[in-house]
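Student: Can you read through this structure? Questions will come right after.
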Amino acid sequence: MTTLAHRHAAPLFAEKPADGFSASTSPATENIDAIDWPHIQACLDAYGYDVVPGLLRPSDCHALAEQYDLDPLYRSRIVMSRHGFGKGEYKYFAYPLPPIIATLRATLYPHLVPIANRWNEMMNIVVRYPKTHAAFIDRCHAAGQLRPTPLILQYEQDDYNCLHQDLYGEHVFPIQVAVLLSQPRRDFTGGEFVLTEQRPRMQSRAEVVQLEQGDAVIFAVSHRPVQGTRGVYRVNMRHGVSRLRSGRRHTVGIIFHDAL
């Protein structure tokens, strides 16, 4: 990953106003457009993920984390230990989504669509994704996938998230994004983002992704194509979070498909 490491220092949002969020409900999407997307494509093809540093300002990270206890913002709360998912909890945002979350979903999606469609073509999957996120959500809703999937996760000491895939119905967008809202070493220790890759007839390979506050990791939801000596084959991907040693950790997950 070192040779392909991408650094996008420009923050997405302006400084926060008195209400705690960014000065505009329409963030500077030109900053997303300015990201080196060909480089991200190369990293996703090679490793199944890439990191965009500083996608959110610390002020916006803090504002999102501070709203974790505002229950009207969310449609449901999941305690991981009750379901065997790990330890910790997360909440799914309700519609309408907070402006920051809605904008990230809508503005990141068009840059990921060409990658998603190319991956499906390589893997002989007939599904193709529309150019806009609104059109894709219409497809999800027509199939009964009506519930929003963007979420915020909270971990405390000894919490962790088991390796998993975020699949919520027939219609699945194959790439998703997570943004770390807390600052490692100050707010928490441990709690690294972990990806595993299972290639046919091979043992699993793990990647530990180092993130700072506001960094985004873009990664494969469930599988991706890999070019082998005898053609393209599918690699299964899972992600999780290692055990927190101390403190509290918040993350926002941007999933592009809705749930049944």
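Student: Taking Cα atoms of region 150-260, Rg/Rh with Kirkwood Rh, to two decimals? Numbers along the way, then the final one.
Tutor: Numbers: Rg = 15.1 Å, Rh = 14.9 Å.
Taking Rh as the inverse mean 1/r over Cα pairs, Rg/Rh reads 1.01.
Student: Can you figure out the FRET efficiency of LEU146 with VAL79, using R₀ = 25 Å and their beta-carbon distance, to the nearest 0.05?
Tutor: Working: r = 23 Å, r/R0 = 0.93.
E between LEU146 and VAL79, to the nearest 0.05, is 0.60.
Student: To continue, here is another question. Given the DSSP H assignment, sum -39500 (n - 2.57) over each helix run of at least 4 residues in the chain and divide by its residue total; what's the result at 222 nm in deg cm²/dmol, nearest 500?
Tutor: Values: 5 runs with 59 residues, N = 260.
Estimated from H runs of four or more residues: -7000 deg cm²/dmol.
Student: Follow-up question, since we're still on this one. Using a Förster distance of 30 angstrom, determine the FRET efficiency expected from the C-beta separation of LEU260 and ALA135, and round it to 0.05.
Tutor: On the way: r = 19 Å, r/R0 = 0.64.
Once rounded, the FRET efficiency stands at 0.95.
Student: Count charges around GLU207 for me, please; just the other residues with Cβ under 12 Å from its Cβ, Lys/Arg as +1, Asp/Glu as -1.
Tutor: Working: positive: ARG205, ARG238; negative: ASP50, GLU192, GLU197.
Here the charged neighbours net out to -1.
Student: If you filter region 41-144 for trypsin sites (Lys or Arg not before Pro), then keep DSSP loop positions with at most 15 other Cβ within 10 Å, what is left? Don't skip to the answer; put the middle values down first.
Tutor: On the way: sites: ARG75, ARG77, ARG82, LYS87, LYS91, ARG105, ARG118, ARG128, LYS131, ARG139; in loops: ARG128, LYS131.
For trypsin sites (Lys or Arg not before Pro) across region 41-144 that sit outside H, G, I, E and B with at most 15 neighbouring Cβ atoms in 10 Å, the list reads ARG128, LYS131.
Student: Decide, for the chain, between rounded, prolate and oblate: order the square roots of the alpha carbon gyration tensor eigenvalues as a ≥ b ≥ c, take rounded if a/c falls under 1.5, and otherwise choose prolate if a/b is larger than b/c, else oblate.
Tutor: Details: a/c = 1.35, a/b = 1.22, b/c = 1.10.
It comes out rounded by the Cα gyration axes.
Student: Quick check: from the Cα gyration tensor, does region 77-194 come out rounded (a/c under 1.5), prolate or oblate? Could you put the intermediate results ahead of the total?
Tutor: Details: a/c = 1.79, a/b = 1.74, b/c = 1.03.
Judged from the Cα gyration tensor, region 77-194 comes out prolate (a/c at least 1.5, a/b above b/c).
Student: Sticking with this structure for a sec: Hey, could you grab the Kirkwood Rh for region 93-137? Inverse mean 1/r over distinct alpha carbon pairs, Å, one decimal. Can you show the working numbers first?
Tutor: Details: mean 1/r = 0.0865 Å⁻¹.
Result for region 93-137, one decimal place: 11.6 Å.
Student: I need the calculated FRET efficiency for the pair THR196 and LEU70, taking r as the beta carbon distance and R₀ as 41 Å, to the nearest 0.05. If you can, show how the numbers build up before the last one.
Tutor: Numbers: r = 34 Å, r/R0 = 0.82.
Once rounded, the FRET efficiency stands at 0.75.
Student: Same structure, new question: Where does each of HIS257, HIS83 land when they are ordered by accessible area, with a 1.4 Å probe and the largest first?
Tutor: Working: HIS257 0, HIS83 105 Å².
Ranked list, largest accessible area first: HIS83, HIS257.
Student: Under DSSP H, which helices of the chain have Cα atoms covering 20 Å or more of the helix axis and a Kyte-Doolittle average no less than 0.0? Let's see the in-between values first.
Tutor: On the way: long enough: 99-122 (35 Å, 0.22).
For the chain, where a helix must reach 20 Å along its axis and average at least 0.0, the hits are 99-122.
Student: Equivalent-ellipsoid semi-axes (√(5λ), Cα gyration tensor) for region 57-138, whole Å, largest first?
Tutor: Equivalent ellipsoid semi-axes, largest first: 30, 19, 12 Å.
Student: Hey, for a label at VAL127 modelled as a point 7 Å past Cα toward Cβ, could you say which residues of region 164-188 have their backbone N under 11 Å away?
Tutor: 167-175
Student: Taking the simple approach of a point 7 Å from Cα along Cα-to-Cβ for both SER204 and ASP158, what is their distance in nm?
Tutor: Modelled inter-label distance: 2.3 nm.
Student: Roughly how far apart, in whole Å, are the Cα centres of region 41-65 and region 70-86?
Tutor: 23 Å
Student: Tally Lys/Arg at +1 and Asp/Glu at -1 over every other residue whose Cβ is under 14 Å from the Cβ of ALA134; what's the total?
Tutor: On the way: positive: ARG105, LYS131, ARG139; negative: ASP138, ASP258.
Within the 14 Å Cβ shell, the charges total +1.
Student: Still on this model: Could I get the Rg over Rh figure for region 196-260? Both from C-alpha atoms, Rh via Kirkwood, rounded to two places.
Tutor: On the way: Rg = 15.1 Å, Rh = 14.6 Å.
Rounded to two decimals, Rg over Rh is 1.03.
Student: Treating the Cα atoms of region 38-103 as identical point scatterers in vacuum, please give the log10 of the normalised Debye intensity I(q)/I(0) at q = 0.21 Å⁻¹, two decimals.
Tutor: Those come out to -0.99, one per q.
The values are calculated or read from the model by the stated rules, or taken from the named source; none is laboratory data. Not measured: the values here are computed from a predicted model. Every residue, glycine among them, receives a Cβ derived from its backbone with ideal geometry; neighbour counts consider all protein chains shown. Only protein heavy atoms, including side chains, enter the accessible area calculation; ligands, DNA and RNA are left aside. Shrake-Rupley method; radii C 1.70, N 1.55, O 1.52, S 1.80 Å.
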